[in-house]
Amino acid sequence: MTIRNTAIILIFMFVYGVSSTSVTATVADNTSPTIQVQPPKETPSHAKWGKRAMVEVKKKYPHAEIYDYKHVGRQEKAHTSTETFHLWIREKQQSTKVTVNITFDSNSENIINVTVQPSNN
């Protein structure tokens with residue numbers, strides 16, 4: 001399986017909030033992967049925000065390939081919540097870890113602020 005196909009599968013899993021135990025992927029020579037997914041038992045609450053994190057990274061780095069991700073966690077305050085993600089991107093053969101923070105109103109889920117910053121490690 002090529003790196004490209006692995007990236008496609010990882011992004012698919014991230015966007016749709018499925019675990020590796022529910023995904024079966026097969027790849028014929030020089031083709032895109034065929035992905036079969038068992039319906040997830042429950043979509044993680046951060047899946048919506050993970051999709052948004054990917055959109056924001058693509059806005060800031062339009063020519064980069066997102067090849068991995070991690071949901072770091074959620075911080076909750078009185079009326080707001082912040083979801084934090086690490087996304088690894090590749091652009092011009094250089095890899096960078098990018099941290100995305102999405103702050104939103106806990107009740108309405110309206111976005112208050114989004115930050116996209118490259119990380120040092």
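No lab work stands behind these numbers, since they all come straight from the coordinates. This one's a predicted model, so the numbers in the text were calculated from it and none came from an experiment. Note that each Cβ is placed from the backbone with ideal geometry, even for glycine, and that neighbours are counted across all protein chains shown.
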Largest first and in whole Å, what are the equivalent-ellipsoid semi-axes of segment 44-121 based on the Cα gyration tensor, each being the root of 5 times an eigenvalue? 24, 11, 10
Would you pull out the residues with amide H under 5 Å of Thr80's amide H, same chain only if 5 or more places away, H placed 1.01 Å from N? Ser106
So if we plug the beta-carbon distance of Gln93 and Val72 into 1/(1 + (r/R0)^6) with R0 = 30 Å, what FRET efficiency do we get, rounded to 0.05? 0.70
Around His86, with a cut-off of 9 angstrom between Cβ atoms, what is the net charge of the other residues, counting Lys and Arg +1 and Asp and Glu -1? +1
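Between Asn107 and Lys60, what is the FRET efficiency for a Förster distance of 25 Å, r being their Cβ-Cβ separation, to the nearest 0.05? Don't skip to the answer; put the middle values down first.
Numbers: r = 28 Å, r/R0 = 1.13.
Plugging the Cβ-Cβ distance into 1/(1 + (r/R0)^6) gives 0.30.
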Hey, rough spin-label estimate for Thr43 and Thr115, points 7 angstrom out along Cα→Cβ, what's it come to in nanometres? 2.8 nm
Relative contact order (%) - segment 44-121, alpha-carbon pairs under 8 angstrom, separation at least six: 24 percent
